[in-house]
Amino acid sequence: MEHLYYLIIDEEKCGPYRKDELLDAGMESNTLVWYAGRDGWIRADKLVLFDELLKQERKAIKQKRKVQRKIAQLPDPEQLRKWSRTAIMVNMPAGALYVVGTALLIAALIVYIVGDSRGPNDPPSQMLSIVTWVLFVAGTLATGVAMVLIGIELGLMAAFTWGCRRIVRVLSPRGDKAQIEVRTFI
């Protein structure tokens with residue numbers, strides 16, 4: 001016949017429990033236990049029959065602490081939001097400047113080709129040369145600024161992605177059998 005066990009948890013007598021229910025009931029190493037046949041209450045870690053059960057408990061506590069340390073190192077969700085929003089705000093002017101700069105460079109190339117295709121008897125047009133250089137410089141500046149903004153955006157997105165990666169690694173650790181409830185993060 002299987003014993004039924006009683007526990008004192010938070011100074012209150014609880015039970016009866018079967019042996020396989022004790023950890024779920026809240027038994028720890030220092031919990032007082034009593035079962036039929038015992039003269040008095042005894043600490044759970046003093047009973048040899050609970051050694052294997054308490055090893056599981058210690059392992060679970062160790063795993064829980066490990067997860068809590070990982071959780072404590074997670075990035076702040078507000079920081080992740082700021083990185084993603086800033087990256088989106090930087091993306092818009094970067095894209096616009098890139099399109100404008102590319103259009104100006106193409107216009108400079110067209111003006112240069114048109115100016116070059118003039119006949120040998122046509123007088124050289126200083127105006128076409130100036131327009132070509134203005135378009136080229138404006139296009140190069142706009143495209144250069146766009147590239148700098150895209151670099152900033154990529155840096156922000158890399159930081160955001162790295163932070164998300166750290167969250168995913170805690171939520172689904174490789175090789176660990178820890179049960180992590182999503183509610184603990186919300």
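The values are calculated or read from the model by the stated rules, or taken from the named source; none is laboratory data. Worth saying up front: this structure is predicted, and the values here are computed from it rather than measured. Cβ sites come from the backbone with ideal geometry, for glycine too, and all protein chains shown count toward neighbours.
Contact map, the range 82-97: first residue under 11 Å from Leu156 (Cα atoms) and touching a residue at least 24 places away in the same chain (Cβ under 8 Å), second residue part of a helix (DSSP H, G or I) and among the aromatic types (Phe, Trp, Tyr), Cβ cut-off under 9 Å, separation 6 or more or different chains; pairs are Trp83/Phe160; Ser84/Phe160; Ala87/Phe160. For the residues Ile61, Ile42, the requirement of being touching an Asp or Glu at 6+ places or on another chain (Cβ under 9 Å) and not assigned by TED's automatic domain parsing to the domain that holds Met147 singles out Ile61.
Is it the case that Val90 is closer than 30 Å to Thr140 by Cα, among the β-branched types (Val, Ile, Thr) and surrounded by 13 or more Cβ atoms within 10 Å (Cβ to Cβ)? Step through it out loud before you land on a result.
Numbers: closer than 30 Å to Thr140 by Cα: yes; among the β-branched types (Val, Ile, Thr): yes; surrounded by 13 or more Cβ atoms within 10 Å (Cβ to Cβ): yes.
Judged against the criteria, Val90 is a match.
Scoring Pro75 on the criteria (1) part of a helix (DSSP H, G or I); (2) under 20 Å from the mean Cα position of the chain (by Cα); (3) not aliphatic (A, V, I, L, M) leaves a single failure, condition (1).
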